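Undergrad: Structure incoming, see below.
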Amino acid sequence: MYSFKNDYSDGAHPAILKALAESNDVQTEGYGEDRFSLEATNLLKRKIGRKDVDVHFITGGTLTNQVAISAFLKPHEAVISAKSGHIYVHETGAIETTGHKVIPVESSDGKLYPKQIVDVVTEHHFEHMVKPRLVYISQPTETGTLYSRTELEELWKLCGKLNLLLYIDGARLASAIASRKSDTTLPDYANLCDSFYIGGTKNGALFGEALVICNDHLKKDFRYHLKQKGALSAKGRVLGIQFLTLFTDDLYLKLAAHSNKMAEKLQSGIESAGFKMLFHSYTNQIFPIMPEEVIAGLEKKYLFYRWEKTADGSPTIRLVCSWSTEEKYIDDFIKSCSEFS
C-alpha cells in the first residue's frame, strides 16, 4: 500500500546518504562546531542574504518550536496561534510544558490576520492574565494555504507596533517557496520575522531543521537553551552535512518543486473526477471531500489520514506528496477515484 499520509515516510534523498557515507570516516568536533556544520551555516547565510543571523541545527520540528519559543519568552508571556496551528494541536502541549500558554484563534483557512491579533492583545490587558508576546504562524499553514508577501509584511509591521515577536514554523517552508502561487523568497523571511526555521525532515533529509534567529536580542546564550532541552547534538555533523547537501545546487527547492507538482496533478485529477476540495492548495498537501464509500475503497489501496468533516457532515481526507512521490502512484490514485465512485 502506497502512503500519502505524510512527506517523511521515505528515508532520505540519495545525495544526502552519499554525503553521509563519504564523510563517515572523517573525525570532527562535536555539538555543531564541526567543519560541515560551519560550512552549512555559512552557505545558509549566503542563501538568506544576511551574515548577521544565527543558525542552529536541531533534530526535529517540535523540539525546534519548544526550545525557540521557550527561550524567547519570559515566564508570564504567551503565544498567539491559529487554532489549527501545529504547536496547539499536534505537539502534545510541548510549549505549555515550558510554562507558556498557547492562545488559540479560530481560523477558517489556517492563517492569522491582524485584527485577530489585535483582539487577543486587547483582551489580555493586565497582569492578572498572561501577556501575549509571540505570534506563531506556519508557512505554509496546516491546511496548505500560503501567506503572501503582503500579508507577512502586514503581520511584521503589526508585531512591531504591538511589541510582539513574529515566529514562523517552516517545517514545509520549501513547499511554500517553490509553490507557483508564492511571491516570497528565502531572504524575505529573514527580513520579515524575528525567527523562523527551515525544515529538512519533510523535504528529503533523514531528519533535521535549521533554526534562523534574526533578532539580535534573541541570540544571546541560545546554545545554553539547546543544551538544557537536549537539543545540542553531540554528532551535530549529521545535521550539518544534510543541510550542506540540501542547499548545494538548489536541491532543497528542486525537491519541493517536485512534491508540489505531484500534489497539483493529484488535486487536478481528483477535481476532474468530480470531487471538491476542502481547501484549494498550492503546496504539497491537498484535502479532497469524498463520500464514505469512495474513501473506504481508496483505503484498501492507499494510506492517508481522514481529516475534519465539512459543515454539512461530508468526510474529507488529507493527501501529502513528497520529494520521492512517483507519478505512477498519482495516476493510479486518480483512476481509483473513478473506480470507487
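Undergrad: Across all directions of projection, what mean area in square nanometres is found for the Cα convex hull of the stretch 168-236?
TA: 5.4 nm²
Undergrad: Right, here's the next one. Could you please state how large a percent of the accessible area of the stretch 204-341 is carbon and sulfur, counting protein chains only and using a 1.4 Å probe? All intermediate terms of the calculation are to be shown ahead of the outcome.
TA: Details: 3290 of 6350 Å².
Carbon and sulfur: 52 percent of the exposed surface of the stretch 204-341.
Undergrad: Give, in nm to one decimal, the length gained when the segment between ALA21 and ALA311 is fully stretched (0.36 nm per residue of separation minus the Cα-Cα distance).
TA: In short, 99.3 nm is gained.
Undergrad: Also, quick follow-up: Using DSSP, restrict attention to beta bridges with both residues in the chain and report what percent are antiparallel, rounded to the nearest 5. Could the numbers behind the result be given before it?
TA: Details: 17 of 35 bridges.
The answer is about 50 percent antiparallel.
Undergrad: Let me ask something additional. Helix check for the chain. Which DSSP H runs span at least 24 Å along their own axis by Cα, with a mean Kyte-Doolittle hydropathy no less than -1.0?
TA: 251-272
Undergrad: Moving on to the next point. Binning at 10 angstrom from zero up to the longest distance, how are the C-alpha pair distances of the stretch 110-228 distributed in percent?
TA: 13, 41, 33, 12, 1
Undergrad: Another one. Largest first, please: the extent of the C-alpha atoms of the stretch 70-150 along each principal axis, to the nearest Å.
TA: Projected onto the principal axes, the Cα atoms of the stretch 70-150 cover 35, 27, 20 Å.
Undergrad: May I ask you to derive the relative contact order of the chain, considering only C-alpha pairs under 8 Å and at least 6 residues apart, and to give it as an integer percent? Walk me through the intermediate numbers first.
TA: On the way: 642 pairs, mean separation 82.0, N = 341.
Rounded, it is 24 percent for the chain.
Undergrad: For the stretch 305-341 and the stretch 111-138, compute the distance between their C-alpha centroids and round to whole Å.
TA: Rounded to whole Å, the Cα centres lie 36 Å apart.
Undergrad: Let me ask something else. Can you give me the accessible area per residue for the stretch 263-341, using a 1.4 Å probe, in Å²?
TA: Spelled out: the 1.4 Å probe surface of the stretch 263-341, per residue, equals 46 Å².
Undergrad: List every residue whose amide H lies under 5 Å from the amide H of TYR305, counting only residues 5 or more places away in sequence or on a different chain, with H placed 1.01 Å from N in the peptide plane.
TA: ARG318
Undergrad: How many Å³ per residue does the convex hull of the Cα positions in the stretch 205-336 occupy?
TA: So the per-residue Cα hull volume is 176 Å³.
Undergrad: Rounded to the nearest 0.05, what FRET efficiency is calculated for PHE126 and LYS161 with R0 set to 35 Å and r the Cβ-Cβ distance? It would help to have the intermediate numbers written out before the result.
TA: On the way: r = 20 Å, r/R0 = 0.56.
Calculated transfer efficiency: 0.95.
Undergrad: Order of 160-167, 217-224, 201-208 by packing, highest average Cβ count within 10 Å first?
TA: Put in order of decreasing packing, that is 201-208, 160-167, 217-224.
Undergrad: In the stretch 231-275, which residues have a backbone nitrogen under 20 Å from the label point lying 7 Å from ASN42's Cα in the Cα-to-Cβ direction?
TA: 236-251
Undergrad: Send over the per residue convex hull volume for the chain, Cα only, as a whole number of Å³.
TA: Taking only Cα atoms, the chain has a hull volume of 135 Å³ per residue.
Undergrad: In addition: Cβ under 10 Å from ARG237's Cβ, ARG237 left aside: what net charge do those residues give with Lys, Arg +1 and Asp, Glu -1? Each step should come with its number before you reach the end.
TA: Working: positive: ARG35, LYS235; negative: GLU29, GLU33, ASP34.
Every neighbour counted, the sum reads -1.
Undergrad: Give, in nm to one decimal, the length gained when the segment between LYS301 and ARG50 is fully stretched (0.36 nm per residue of separation minus the Cα-Cα distance).
TA: 85.7 nm
Undergrad: Determine, for each peptide in 323-331, 238-246, 122-130, the mean count of other beta carbons within 10 angstrom over its residues, then list the peptides with the highest first. Can you show the working numbers first?
TA: Numbers: 323-331: 16.8, 238-246: 26.0, 122-130: 11.0.
Averaged packing, sorted descending, gives the order 238-246, 323-331, 122-130.
Undergrad: Could I ask something else about it? Treating only the Cα positions of the stretch 1-142 as identical point scatterers, give the base-10 log of I(q)/I(0) from the Debye formula at each q in 0.10, 0.11, 0.18, 0.20 Å⁻¹.
TA: For the requested q values the scattering log ratios are -0.51, -0.61, -1.16, -1.25.
Undergrad: Now for a separate question. Send over a whole-number figure in Å² for the accessible area per residue of the stretch 48-161, probe 1.4 Å.
TA: For the stretch 48-161, the per-residue accessible area is 45 Å².
Undergrad: What does the charge add up to near THR316, with Lys and Arg as +1, Asp and Glu as -1, over the other residues with Cβ less than 15 Å from its Cβ?
TA: Spelling it out: positives minus negatives among the neighbours equals -3.
Undergrad: Just the number, please: carbon plus sulfur as a percent of the accessible area of the stretch 80-142, 1.4 Å probe, no ligands or DNA/RNA counted.
TA: Taking all protein chains in place, the stretch 80-142 shows 56 percent carbon and sulfur surface.
Undergrad: Here's something else I'd like to know. What does the charge count around GLY170 come to, taking other residues whose C-beta lies under 14 Å from its C-beta (Lys +1, Arg +1, Asp -1, Glu -1)? Before the final figure, lay out the partial values.
TA: Working: positive: LYS47, ARG172, LYS202; negative: ASP7, GLU142, ASP169, ASP188, ASP194, GLU209.
My count for the surroundings of GLY170 gives -3.
Undergrad: If you average the C-alpha positions of the stretch 229-269 and of the stretch 141-188 separately, how far apart do those two centres end up, in angstrom?
TA: 18 Å
The values are calculated or read from the model by the stated rules, or taken from the named source; none is laboratory data. What you are looking at is a predicted structure, and each value in this text was computed from that prediction instead of being measured. Ideal geometry is used to build each Cβ from the backbone, glycine not excepted, and the neighbour counts take in all protein chains shown. Surface accessibility is based on the protein's heavy atoms, side chains included, excluding ligands, DNA and RNA. Shrake-Rupley method; radii C 1.70, N 1.55, O 1.52, S 1.80 Å.
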